[in-house]
Amino acid sequence: MPSLIIREMQEKDIESLVKNFYFPWSSQQATTFKWQQYYKEHQNHIRTVYLLENEGEIIGYGSLLKASDYSYFKESEIPEINDVWISENFRKKGFGKKLILHIESEARKRGYSEIGLGVGLYADYGNAQKLYFQIGYKPNGKGITYKTVQVVPGEKYAIDDDLILWLTKKL
């Protein structure tokens, strides 16, 4: 992995992040707002945004949230690894694992003994699911949520990015 570094986000990165991580299911305005908001949360120590750079190019990102929107993590004071993304050309090469392990290490340095994350349930999340189990994450035993609220048996939910299985790992 030549010239690979993981570093914290800086304000000057916003333009590059908007340009390189603008997705078809969003708008440029929404993407700009997201990165401005992430930077504001980063500055306010709510979220620490880590950027994965390969030979000077940002190829991925992920965050450590001090207080998750998921109530179980929030009440239990379990920080959340959130919004991890690796550019498609760099997937299945160990970059995601390296980024997640780095975020875990940073959480450990901050005195946390456990960390959590959520993963989607449909096939697009298959590689992430396998990776999380491979590096020691286990279901927290609370079932799945939709938009961070426990699902109710018998109710119908969309199979989308908001249908989540929550996992934890001892640090």
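Brief remarks follow.
- Residues of the stretch 66-78 satisfying the condition of being in a loop (DSSP other than H, G, I, E, B) and open to solvent by 60 Å² or more (accessible area, probe 1.4 Å): Lys66, Asp69, Glu77
- Residue in the stretch 79-97 that is at positive phi, in a strand (DSSP E or B), charged (D, E, K, R) and in contact with a strand residue (DSSP E or B) (Cβ under 6 Å, 6 or more places away or on another chain) present: yes
- Yes/no for Tyr50 being closer than 16 Å to Leu117 by Cα, surrounded by 13 or more Cβ atoms within 10 Å (Cβ to Cβ) and hydroxyl-bearing (Ser, Thr, Tyr): yes
- Considering the stretch 95-109, the residues that are more than 17 Å from Ile58 (Cβ to Cβ) and in contact (Cβ under 8 Å) with a residue 24 or more places away in the chain include one that is surrounded by the most Cβ atoms within 10 Å (Cβ to Cβ), namely Ala107.
- Among the residues making up the stretch 27-47, those that are open to solvent by 50 Å² or more (accessible area, probe 1.4 Å) and either within 22 Å of Ala107 (Cβ to Cβ) or in a strand (DSSP E or B) (or both) are Gln37, Lys40, Gln43, Asn44, His45, Ile46.
- Residue within the stretch 121-144 that is under 14 Å from Tyr70 (Cβ atoms), in contact (Cβ under 8 Å) with a residue 60 or more places away in the chain and in a strand (DSSP E or B) present: yes
- Some residue of the stretch 13-26 being more than 25 Å from Lys98 (Cβ to Cβ), basic (Lys, Arg) and either open to solvent by 40 Å² or more (accessible area, probe 1.4 Å) or not in a loop (DSSP other than H, G, I, E, B) (or both): no
- Any hit, the stretch 103-117, residues being part of a strand (DSSP E or B) and among the charged types (D, E, K, R): yes
- Flag for Lys156 being modelled with pLDDT of 95 or more, over 30 Å from Ser3 (Cβ atoms), assigned to a strand (DSSP E or B) and open to solvent by 60 Å² or more (accessible area, probe 1.4 Å): no
- Qualifying residue in the stretch 30-50 (condition: free of Cβ contacts under 8 Å to residues at least 24 places away in the same chain and among the small types (Gly, Ala, Ser)): yes
The values are calculated or read from the model by the stated rules, or taken from the named source; none is laboratory data. In this text the structure is predicted, and so the values were computed from the model without any measurement. Backbone-built Cβ (ideal geometry, glycine too); neighbour counts: all protein chains shown. Side chains are part of the model used for accessible areas, which takes the heavy atoms of the whole protein and leaves out ligands, DNA and RNA. Shrake-Rupley method; radii C 1.70, N 1.55, O 1.52, S 1.80 Å.
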